[in-house]
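Q: I am attaching a structure below and will ask some questions about it afterwards.
The values are calculated or read from the model by the stated rules, or taken from the named source; none is laboratory data. Since this is a predicted model, take the numbers as computed values, not measurements. So basically every Cβ, Gly included, is an ideal-geometry build from the backbone, and we count neighbours across all protein chains shown. Protein only, heavy atoms only, side chains kept; ligands, DNA and RNA dropped before computing areas. Shrake-Rupley method; radii C 1.70, N 1.55, O 1.52, S 1.80 Å.
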Amino acid sequence: MLKELNLKDADMFCFQCEQRAAGSGCTKIGVCGKNPEVAALQDLLIYQLKGIGYYGYKVIEKGLQLTENADRFVMDGLFTTLTNVSFDEKSISEIILKGNTIKEEIKSKLGDYDFHKDADYKAPQRLEAMIQDAKNIGIVALNKNDDITSLRELLIYGLKGMAAYAHHAAVQGYSNKEVNRFFYKGLAATLNTQLTVEQWVGLNMELGQVNFKVMELLDKANTDSFGHPVPTSVPVTKKKRPFIIVSGHDLKDLKELLEQTEGKGINIYTHGEMLPAHAYPELNKYSHLVGNFGGAWQDQQKEFHGIQGCVLMTTNCIQKPRESYMDKIYTTSVVAWPGAAHISEVNGKKDFTPIIEKALSLGGFTEDEEEKTILVGFGHNAALSHAGEIIQAVKDGAIRHFFLIGGCDGAKSGRNYYTELATSLPEDTVILTLACGKYRFNKLDFGTVAGLPRLLDVGQCNDAYSAIKIALALAEAFNCGVNDLPLSLILSWYEQKAVCILLTLLSLGIKNIKLGPSLPAFISDNVLKVLVENFSIAPITTVEQDLKEILG
Ligand code: SF4
Ligand code: SF3
């Protein structure tokens, strides 16, 4: 599937997300809005991280410890290069430069060390020089039979996704040394030209297993900090008052903002992947967390246009802000857009005063809309509290099949498949959903089955962990394997978190996944063959054909 490209005239090359241009990759400017300079700097940051991984892994092999500072640098650096996170040359170049210092600190632990030309790279101070360096190392030479490149890129994208989840756990004080070690191991491997296809496959499967631990850790961080999600009705309508819309995945940011806005006459709305936050008791207890605003991330330019309130982007997916709200959108953590105000952490705390004052000055919505609600909060704890009823309903034939329709959303028209699928399912089926792809259908009424809502929202993309726990518990109850359950996984992918989740599912031996709307451009023909032969993974086709195959 990798296409031979003539990259001589290309200003950049990126094919890490589903939205890549023209089937092969973005070569002039990203469909996401990433310009060639940002693409170059992201490539250079990854190059810098490969070197840090190389030396870091040598330290680990010697049985020595790496600092928490280095661990955080690696995960935050990887996260910075995830699709729709940072579009800011200045902040990426600062991270690259900090990488020089981190690398030296790591090397100093080694004494005598194996010099490696690529690992030893030291970034220049000037931005232009960095971009020039990046152009010399960044663009991947492609060949449609190049399985090694394919598997190496798969690993790098998996690391990026996993880093995002590790970051969310780390900001809450949860980390795991074994997990952190794998970041170095994986990055070091990317500089090893001797690895075989089998070894690359093994590393990708290992990443899947480690990512399961990361999602488990994040689940623990979230549920320890905010309680287990409980089924909760969330208004999706506007209320009169100044407001701040909080987007992205970082629950800690939301909590801090809720604390700092309490009693100030500001309403807080969730947006995008922040929707499941309403189900956490320690977040839902704030009466000024009033509802969810808008649809999926790719609708934000239209939906934020002209708003008289503010937006806080805690993680992906940020799109180029329109002029009409450039002064109202704030970024934090690794998210950055040139010209958008950024709120940094100082001594472990974020001061949201600027966004609060701005929101108050704007006045907010002037009318109350008639309230409409949707239901969220079916994480593993809540869903499995109904395990008895669910199992009985399956035994009685009241529930015929479960469909997990989960994953990312995106702008492509082929994504209508997921709405069509959800609305075509027979009434004796249950739909589990997670991540932002659900915005395609989460405001529709699917009714109930066996006394339960037919649409159960499990949470954010990282709550794939919850879905796996639910599936494992059902498999145990029915005394069968997960692959023998009346359960089909129909996934949509967009960015690199979907890559690490997919690797987790495969590493758990889960088969028959249907993936769309298109397959990754970085998967070579042979790698695809391995996936099909070993895991029976298949691209989505038409709703009619896929349903016929699944339900008979
Ligand atoms: Fe293109 Fe996606 Fe890369 Fe953006 S992240 S440049 S849309 S492949
Ligand atoms: Fe969505 Fe960007 Fe992937 Fe957490 S918010 S899932 S695309």
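Q: Could you list, ordered by first residue, the pairs with Cβ atoms under 6 Å in which the first is in segment 27-40 and within 10 Å of ALA134 (Cα to Cα) and the second is within 6 Å of ligand 1 (Cβ to nearest atom), at least 6 apart or interchain?
A: ALA39/CYS14
Q: Can you give me the ranges of the helices (runs of 4 or more DSSP H) entirely in segment 160-267 with at least 3 residues that are in the same structural domain as GLN16 (by TED's automatic domain parsing)?
A: 177-189, 197-226
Q: Next up: Can you work out which of the residues in segment 453-462 that are touching a helix residue (DSSP H, G or I) at 6+ places or on another chain (Cβ under 7 Å) and outside any loop (DSSP other than H, G, I, E, B) is nearest to ligand 2 (Cβ to nearest atom)?
A: Checking each candidate, the answer is CYS461.
Q: What are the residues in segment 380-412 that are free of Cβ contacts under 8 Å to residues at least 60 places away in the same chain and within 16 Å of ligand 1 (Cβ to nearest atom), if any?
A: None - no residue of segment 380-412 is free of Cβ contacts under 8 Å to residues at least 60 places away in the same chain and within 16 Å of ligand 1 (Cβ to nearest atom), so the list stays empty.
Q: Please determine, by comparing only the residues of segment 13-40 that are of a type in the set (S, T, N, Q) and touching a Lys or Arg at 6+ places or on another chain (Cβ under 8 Å), which one is farthest from ligand 2 (Cβ to nearest atom).
A: Only one residue tops the list, namely SER24.
Q: Same structure, new question: Quick check on my filter: what residues within segment 267-276 are in contact with a Lys or Arg (Cβ under 9 Å, 6 or more places away or on another chain) and crowded, with 24+ Cβ neighbours inside 10 Å?
A: Within segment 267-276, TYR269, LEU275 qualify.
Q: When ILE523 is evaluated against the numbered criteria (1) modelled with pLDDT under 95; (2) open to solvent by 20 Å² or more (accessible area, probe 1.4 Å), which criterion, by number, is the only one it fails?
A: That leaves (2) as the condition not met.
Q: Got a sec? Which of SER518, SER507, SER524 is within 16 Å of ligand 1 (Cβ to nearest atom) and polar (S, T, N, Q)?
A: Going through SER518, SER507, SER524 in turn, the sole match is SER518.
Q: Report, ordered by the first and then the second residue, all pairs with beta carbons closer than 7 Å, sequence separation of six or more or different chains, a first member in segment 285-296 that is modelled with pLDDT under 95 and of a type outside the set (Lys, Arg), and a second member that is open to solvent by less than 20 Å² (accessible area, probe 1.4 Å) and within 16 Å of ligand 2 (Cβ to nearest atom).
A: Correct list of pairs: ALA296/GLY272; ALA296/ASP409; ALA296/CYS436.
Q: Moving to a separate point now. Which condition number in (1) under 17 Å from GLN260 (Cα atoms); (2) assigned to a helix (DSSP H, G or I) is the one that LEU312 fails?
A: Tallying (1) under 17 Å from GLN260 (Cα atoms); (2) assigned to a helix (DSSP H, G or I), LEU312 fails exactly one: (2).
So that you can scan it fast, the table gives a plain yes or no per residue for (1) under 24 Å from THR315 (Cβ atoms); (2) surrounded by fewer than 24 Cβ atoms within 10 Å (Cβ to Cβ); (3) hydroxyl-bearing (Ser, Thr, Tyr):
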| position | (1), (2), (3) |
| --- | --- |
| LEU434 | yes, no, no |
| GLY437 | yes, no, no |
| SER466 | yes, no, yes |
| LYS469 | yes, yes, no |
| SER492 | yes, no, yes |
| ALA498 | yes, no, no |
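Q: Now for a separate question. Show the residue pairs meeting these rules: Cβ distance below 9 Å; 6+ apart or different chains; first residue within segment 302-328 and more than 15 Å from ligand 2 (Cβ to nearest atom) and open to solvent by 10 Å² or more (accessible area, probe 1.4 Å); second residue part of a loop (DSSP other than H, G, I, E, B) and polar (S, T, N, Q).
A: Matching pairs, first to second residue: GLN308/THR366; LYS328/GLN308.
Q: Being assigned to a helix (DSSP H, G or I), over 24 Å from THR541 (Cα atoms) and among the hydroxyl-bearing types (Ser, Thr, Tyr) narrows it down to one residue among TYR418, TYR465; which is it?
A: That would be TYR465, the only listed residue that is assigned to a helix (DSSP H, G or I), over 24 Å from THR541 (Cα atoms) and among the hydroxyl-bearing types (Ser, Thr, Tyr).
Q: Out of all the residues in segment 339-350, which are open to solvent by 40 Å² or more (accessible area, probe 1.4 Å) and touching a Ser or Thr at 6+ places or on another chain (Cβ under 9 Å)?
A: Hits for segment 339-350 are ALA341, HIS342, SER344, GLU345.
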